[in-house]
Structure formats: structure tokens, C-alpha cells
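J.: Handing you a structure now.
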Amino acid sequence: MNKYFSGIGRIEYRPDAGPEDTLVFRHYNAGETVHGRTMEDWLRFSVCYFNTFRYLGDDEYGERVHQRSWEDASRSLDNYKRRIMAAFEFIHKLGVRFYSVSDRDLAPEGNTWEETTKYLDEMVAVAADLQKQTGVRPLYFGADLFTHPRYMNGAAANPDAHVFAYACAQVKRSLEAAKRLGAENFVFFHPRDGYQSLLQRQVFRDMSHLAQLYRMAAQYKDKIGYKGQLLIQPKPADPRRHQYDSDAAATMHLLRHFGLDKQYKLYIKPAFSRLMGRPYHHDVYMAAAFNMLGSVDASDSYPEFHSTSDICAYDVRDATYVMKCILEQSGMQHGGLTLGGRVRRESVEPRDIFIGHILAIDTFAKALRNAARMISDGCFARHIQQRYASYKTGFGERVEKGSVGLEECEEYVRKSGEPSTRSGRMEHVDNMFNYYIFPPTQK
């Protein structure tokens, strides 16, 4: 595996590397034990096939600028085979154990359903052979239910039953591929399942159809004996439509309403939270609070402007919030961190792909160490305990147990009077957080 990245070897861990040594890990040491487990086990990094190998530097303002030796931008099987060979060389040299991929990433659409299925079967066989050679396998597999024009009005929530049937058939084949490739998870991502105008959509009907697809997928998963975890990635509203699974809370409500919350967990992309005007880590914490956090996308959004575009993660502060949450829920059983960033349009050299992924990996490795120290020191746990101390005994304890009524609340107020004003101490918490992000210099 030295054809497409011949000038680059296996990426090494070198904690003493200088600022210009950007083709080494300064923080990620796969075998290092942190908080009782190895870094590799906590982080479980996965290369996002779509953003790493299908994005060619094109955008709404310009054409392709990334010229890759393996890529001719055609839909031929030969091109897809070269692409996957380059991907496995990259993954092998980067030194991670997983990749994340969809059916249309692996194989092109054919002119008929039969031809499309044939292409997918052939490319799954190629991927299975490469996996056997390298020991790499999918962290997740998914079905692309948004790229093709047939899905312009949605997939499972499309008003046309024919399109709904096509989406379901595509999911069936993708679940079979996921089983064959040993994918740890199966991800649903529905950026087009939503409404542009409530005058032309029946919202509950749409959501019922979406839930029906989720139910059929869970049933078929059990029927074929696929052991992977089913995940849904919430997608926030964009200028074109409002998605039915727009954030963690909305998706969890949909799953619980239709009785599917035991079969599914969430695949959270923290960068999406910013599009909704919330902190980067908001949906990670929301999902974890309900034991629904299944996996996380480790990417950032452009700092220069409001955008859904993915770039390689670089913000250690944001990553530390996420890793603290993951450690506090004892990790993600089947999930991990998908390296969902892409290099910028101006980054045209193949080595830029490595450097971008190294940046993201080191960002979350450093965040892991930060979060482990926070938890071990117990400062934040003590702060939370102090804030909720009134619920430990007496009236507060009865509230926690659900054994008080409105009459008892009024009686308590009559006896106790006006509550005292207590500081939220947010400045204190921010200062503590900074201590772990920027630890004092060791003498």
C-alpha cells in the first residue's frame, strides 16, 4: 500500500515534535492508558469516506480544484476501485481502525435497480477483501437517501409512495452490505426529509412514514442477524427546509413517540449545534442525558462565516467539552469519533489530507487528556453537588422522589419565606475550565 501516497509513511507519535512537524502525532498515542482505557479504545477514530475522498474542492462558486492521481471524477467502476484503494492506503498509513461510508460512496448508481445492486455487490466484495488485508472495517455504514434527484422532496417522508419504496429498498440492500462488512453501526441521515412550506405537507403523516422506515429497518436488522447499532444523525434547519429530525431533542421525541427509542441511538455532529445558535457540545450532552449518545462526528464549521461546511476539528476547548461527556457516560459502546472534516478548497496537495486528519486526531487526543484530568480531580463534580445540595435532604429530597404536591410546595414557602439569592458562579467555572485547557507551566 504505497501507490498513491508514496512520499508518506505511517504516521508516528512524537510528543517532542516541533511546530513545523505536522506529519506526526504530538498528542495521540494509541496505546496510552487514559482514565482506565487506551486512547484508541476511548476515541475509536474513523475516516469519513465522503468528505475525505469524494469532496474534490468544488463548491457553489467554483469547479473542482483537487486533482488526485486516483480520481477522474467519473462514475465508472474503475474510478470507484481506484478511490477505495487510495482510501485504504490512507487509512492504513494514518493508523486508525475504522472508516465510515455509505452505499453511494462505494458504488455508483446504475441505469436500473438491478444494475445499481450489481455495482454495490461488486464494490462491497472489493471492500471486504481490503478489510481482510488491513484489519480496518466500517465504524458505520449508511444509505445515501439525499443525493439522487429522486430524493429532492425527501426520502422516507416524500409525498410519493414510489420514492418511499425506493428508499426502503435501498436501506435493505445497505443493511445487507453493513452486515457483510462488519459495520459497528448503521447510520440514517435525512437532510431532505422535512418541509419547505406547511401549506403543502402533512407533518404528522410525514413523520409517521419516517418512523415506519426506522421500524422496518430495525425489524430487517434482526431478521438478517446484523448486530450493529442503529443510529440517526439529527440535521438542523437550513434555508431550504426544516428537517423533521432537526436536533437531538426532536429526534428523541420522534423515536419515543413511535416506540423506537430502544432500537436507536443518536450520531451527533456537534458543529450542527452552532447552526441552531447553541453551544458546540449542546446536542452531545442532550443525547447523553437520556442515554442516547451512540457516536460523534469530530469536525468543525468554518469560523469565518455561518456555514454547514465541514473542516477538520481544531478547537481543543470545544473537543474537551465533548470528551468530558463521553468519559462521564463510560464511552460509546459501538460508536466512536468520525473524522468528518474535509480539507479546504485551497488545500490541493495530497499531504494536506493527512495533516488535516492529524490535526483533528491530536485535537481530540489532547481533549481526552484534559477531560480525564477534570474528572479525576473532581472539581466540577463537587461544584455540581454544591449547586444541587438542597435536593439531598428534607423538602428537596421529597421533590426528587416525586412525593410532593402543589399544596405541600405552598406550605413550604409559607414556612421558609423568600429563597435566598445564590450566585451561579459561572466565572468560577470558566476559570476552572481554563486551568485544564491551559495548565500551568511545569517547573
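The values are calculated or read from the model by the stated rules, or taken from the named source; none is laboratory data. None of the values given here were measured: they were computed from a predicted structure. Heads up, the Cβs are rebuilt from the backbone with ideal geometry, glycines too, and the neighbour counts pull from every protein chain shown.
J.: Which residues, counting only those in the stretch 269-291, are crowded, with 20+ Cβ neighbours inside 10 Å, modelled with pLDDT under 90 and closer than 16 Å to residue 243 by Cα?
T.: Correct list: 272, 273.
J.: Based on what the data block shows, is residue 394 on the phi > 0 side of the Ramachandran plot and either at pLDDT below 95 or outside the structural domain of residue 43 (by TED's automatic domain parsing) (or both)?
T.: Answer is yes for this residue.
J.: Which of the residues spanning the stretch 281-300 are in contact with a strand residue (DSSP E or B) (Cβ under 7 Å, 6 or more places away or on another chain) and not in a loop (DSSP other than H, G, I, E, B)?
T.: Of everything in the stretch 281-300, those that are in contact with a strand residue (DSSP E or B) (Cβ under 7 Å, 6 or more places away or on another chain) and not in a loop (DSSP other than H, G, I, E, B) turn out to be 283, 284, 287, 293, 294, 295, 296, 297, 299, 300.
J.: Further, regarding this structure: Is it the case, given these coordinates, that residue 119 is farther than 30 Å from residue 372 by Cα, at pLDDT 95 or above and not polar (S, T, N, Q)? Working first, answer last.
T.: On the way: farther than 30 Å from residue 372 by Cα: yes; at pLDDT 95 or above: yes; not polar (S, T, N, Q): yes.
Answer is yes for this residue.
For every residue, the table says whether it meets (1) aromatic (Phe, Trp, Tyr); (2) within 21 Å of residue 107 (Cβ to Cβ); (3) out of contact with any Asp or Glu (no Cβ under 7 Å at 6 or more places or on another chain).
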{"site": "157", "(1), (2), (3)": "no, no, no"}
{"site": "161", "(1), (2), (3)": "no, no, yes"}
{"site": "172", "(1), (2), (3)": "no, yes, yes"}
{"site": "177", "(1), (2), (3)": "no, yes, no"}
{"site": "181", "(1), (2), (3)": "no, yes, yes"}
{"site": "184", "(1), (2), (3)": "no, yes, yes"}
{"site": "188", "(1), (2), (3)": "yes, yes, yes"}
{"site": "196", "(1), (2), (3)": "no, no, yes"}
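J.: Continuing with the same structure: Within the stretch 2-57, can you find the residues that are charged (D, E, K, R) and in a loop (DSSP other than H, G, I, E, B)? Before the answer, list the steps.
T.: Step one: filter the stretch 2-57 for residues charged (D, E, K, R), giving 3, 10, 12, 14, 16, 20-21, 26, 32, 37, 40-41, 44, 54.
3, 10, 12, 14, 16, 20, 21, 26, 32, 44 - these are the residues of the stretch 2-57 that are charged (D, E, K, R) and in a loop (DSSP other than H, G, I, E, B).
J.: Residue 169 is checked against (1) crowded, with 18+ Cβ neighbours inside 10 Å; (2) not polar (S, T, N, Q); (3) not in a loop (DSSP other than H, G, I, E, B) and fails just one. What number does that condition carry?
T.: Tallying (1) crowded, with 18+ Cβ neighbours inside 10 Å; (2) not polar (S, T, N, Q); (3) not in a loop (DSSP other than H, G, I, E, B), residue 169 fails exactly one: (1).
J.: I would also like to ask the following. When you scan the stretch 239-270, how many residues do you find that are touching a residue at least 60 places away in the same chain (Cβ under 8 Å) and closer than 19 Å to residue 310 by Cα?
T.: Quick first cut of the stretch 239-270, residues touching a residue at least 60 places away in the same chain (Cβ under 8 Å) only: 244, 265, 267, 269.
Then drop every residue that is not closer than 19 Å to residue 310 by Cα, which leaves 267, 269.
Total meeting the criteria: 2.
J.: So, residue 195, is that one over 20 Å from residue 259 (Cβ atoms), touching a Lys or Arg at 6+ places or on another chain (Cβ under 6 Å) and crowded, with 18+ Cβ neighbours inside 10 Å or not? Give the derivation first.
T.: Working: over 20 Å from residue 259 (Cβ atoms): yes; touching a Lys or Arg at 6+ places or on another chain (Cβ under 6 Å): yes; crowded, with 18+ Cβ neighbours inside 10 Å: yes.
Yes, satisfied.
J.: For the stretch 106-128, does any single residue satisfy the condition of being within 27 Å of residue 230 (Cβ to Cβ), touching a strand residue (DSSP E or B) at 6+ places or on another chain (Cβ under 7 Å) and not aliphatic (A, V, I, L, M)?
T.: No; the residues of the stretch 106-128 include none that is within 27 Å of residue 230 (Cβ to Cβ), touching a strand residue (DSSP E or B) at 6+ places or on another chain (Cβ under 7 Å) and not aliphatic (A, V, I, L, M).
J.: Of the residues 430, 352, 362, which single one is more than 23 Å from residue 331 (Cα to Cα), in the same structural domain as residue 37 (by TED's automatic domain parsing) and within 28 Å of the chain's Cα centre (by Cα)?
T.: Values: 430 fails: in the same structural domain as residue 37 (by TED's automatic domain parsing); 362 fails: more than 23 Å from residue 331 (Cα to Cα).
Being more than 23 Å from residue 331 (Cα to Cα), in the same structural domain as residue 37 (by TED's automatic domain parsing) and within 28 Å of the chain's Cα centre (by Cα) holds for just one of 430, 352, 362, which is 352.
J.: Same structure, new question: Among the listed residues 22, 33, identify the single one that is surrounded by fewer than 17 Cβ atoms within 10 Å (Cβ to Cβ), within 15 Å of residue 363 (Cβ to Cβ) and among the polar types (S, T, N, Q). Spell out the reasoning first.
T.: Details: 33 fails: within 15 Å of residue 363 (Cβ to Cβ).
From the options 22, 33, the qualifying one is 22.
J.: Kindly evaluate residue 244 against the criterion of being of a type outside the set (A, V, I, L, M, F, W, C), closer than 23 Å to residue 172 by Cβ and surrounded by 15 or more Cβ atoms within 10 Å (Cβ to Cβ).
T.: On the way: of a type outside the set (A, V, I, L, M, F, W, C): yes; closer than 23 Å to residue 172 by Cβ: yes; surrounded by 15 or more Cβ atoms within 10 Å (Cβ to Cβ): yes.
Yes: the conditions hold for residue 244.
J.: List, please: which pairs have Cβ atoms under 7 Å, are six or more places apart or on different chains, and start with a residue in the stretch 153-170 that is in the same structural domain as residue 197 (by TED's automatic domain parsing) and end with one that is part of a loop (DSSP other than H, G, I, E, B) and of a type in the set (Lys, Arg)?
T.: Filtered contacts from the stretch 153-170: 154/192; 155/192.
J.: Further question: Please state which of the following conditions residue 101 fails to meet, knowing it meets all the rest: (1) over 20 Å from residue 178 (Cβ atoms); (2) assigned to a strand (DSSP E or B); (3) of a type outside the set (Ser, Thr, Tyr).
T.: With (1) over 20 Å from residue 178 (Cβ atoms); (2) assigned to a strand (DSSP E or B); (3) of a type outside the set (Ser, Thr, Tyr) applied to residue 101, the lone miss is (1).
J.: If you check 44, 14, 26, 10, which single one turns out to be basic (Lys, Arg), under 29 Å from residue 83 (Cβ atoms) and not assigned by TED's automatic domain parsing to the domain that holds residue 130? Spell out how you get there, then give the answer.
T.: Working: 44 fails: not assigned by TED's automatic domain parsing to the domain that holds residue 130; 14 fails: under 29 Å from residue 83 (Cβ atoms); 26 fails: under 29 Å from residue 83 (Cβ atoms).
Going through 44, 14, 26, 10 in turn, the sole match is 10.
J.: Okay, next question. Please give the number of the condition residue 237 fails out of (1) within 15 Å of the chain's Cα centre (by Cα); (2) not in a helix (DSSP H, G or I).
T.: In the conditions (1) within 15 Å of the chain's Cα centre (by Cα); (2) not in a helix (DSSP H, G or I), residue 237 misses (1) alone.
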